[in-house]
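So the structure is just underneath, and the comments pick up after that.
We did not get these values from a lab; they are worked out from the coordinates using the rules stated. Since we're looking at a predicted model, the values are computed, not measured. When we count neighbours, we look across all protein chains shown, and the Cβ atoms used for this are built from the backbone with ideal geometry, even at glycine.
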């Protein structure tokens, strides 16, 4: 009996969570400033916006509870509905741009045989990331200038005056001119994400495909593209968030015009909050955008399966 009991080691009683926290209290105390700043500058404004979205509030001394009226008004507000249509166009095109040209650029760098050349192109793609985006928008605004802009000047020099437009001042061209910014749309950030995914592929997998006679195109479609699906999922999520929330480029380039042809929800929120004094209504717009982004992100994570998800399943 005693020998059989000796075969089983004594059970070690696990400490409670609070006891383990207390033992490592110095480490947790170092995290307090971080969580405090996050709470004050990130979480409190978000919770406050959701709360005030149910009020008729001017941001100062007028605060009247009106329930869901702000949200009801959203879907009868023609300016807001136009902005939703515009942001849907922007989001779809941004996703297509984000997962096409950067992937091709990353693939070209990945397949370079010379390591020094690959390193050179990595640096080339990183350098534009340190340039403030507002500078890029101002440069493109000059390019689109109707009088002495680079684009119209080049068209005139090439004898293509029929194609000259007031690019940011015409209803039919303004939105698409903004989408054309940063052509050829090879973002350094997205390219480096895809390049990291390609470089993470086991070399043995690539060598086996080459030995089997798989061509470059088939290798990309059947092996490399599926193996960077996790990176594609991340880029799609970031493209959705940036497109739905973003408005700085439109504020600088067109300020929502001409008319409402480039109005987006983010800019409409900004106007209601800062120009019209309708803070409660602006909070309702922000809450609506939060729900939309959260829903789209959830659907993307749930239904867009990556290679890692398949392996985990």
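Structure above, values below:
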| read-out | value |
| --- | --- |
| Evaluated at q = 0.15, 0.20 Å⁻¹: base-10 log I(q)/I(0), Debye formula over Cα of region 197-292 | -0.69, -0.95 |
| The chain, relative contact order in percent, only Cα pairs under 8 angstrom and at least six apart counted | 28 percent |
| Over 37 Å [Cα-Cα, the chain], rounded percent | 39 percent |
| Descending semi-axes in Å of region 154-203, equivalent ellipsoid built from Cα gyration tensor | 38, 14, 7 |
| Full-stretch length increase - residue 294, residue 201 - with 0.36 nm per residue and alpha-carbon distance subtracted | 30.4 nm |
| Value of [θ]222 nm, deg cm²/dmol, for the chain, DSSP H segments ≥ 4, -39500 (n - 2.57) each, nearest 500 | -19000 deg cm²/dmol |
| Inter-label distance, nm, simple model (7 Å from Cα along the C-beta direction), residue 171/residue 189 | 3.4 nm |
| Burial order of peptide ranges 16-24, 239-247, 263-271 (average beta-carbon count within 10 Å, highest first) | 263-271, 239-247, 16-24 |
| Förster radius 41 Å - calculated FRET efficiency between residue 274 and residue 163, Cβ distance, rounded to 0.05 | 0.65 |
| Approximate spin-label separation residue 41-residue 18, in nm, with each point projected 7 Å along Cα-to-Cβ | 3.3 nm |
| Sites residue 223 and residue 26 - FRET efficiency at Förster radius 35 Å, r taken between beta-carbons, to 0.05 | 0.10 |
| Whole-number D in µm²/s for region 162-233 (Stokes-Einstein; Kirkwood sum over Cα pairs; 25 °C, 0.890 mPa s) | 160 µm²/s |
| Pairs of alpha carbons in region 77-116 whose separation is greater than 16 Å (percent) | 56 percent |
| Calculated FRET value between residue 127 and residue 96, using beta carbons and R₀ = 25 Å, to 0.05 | 0.45 |
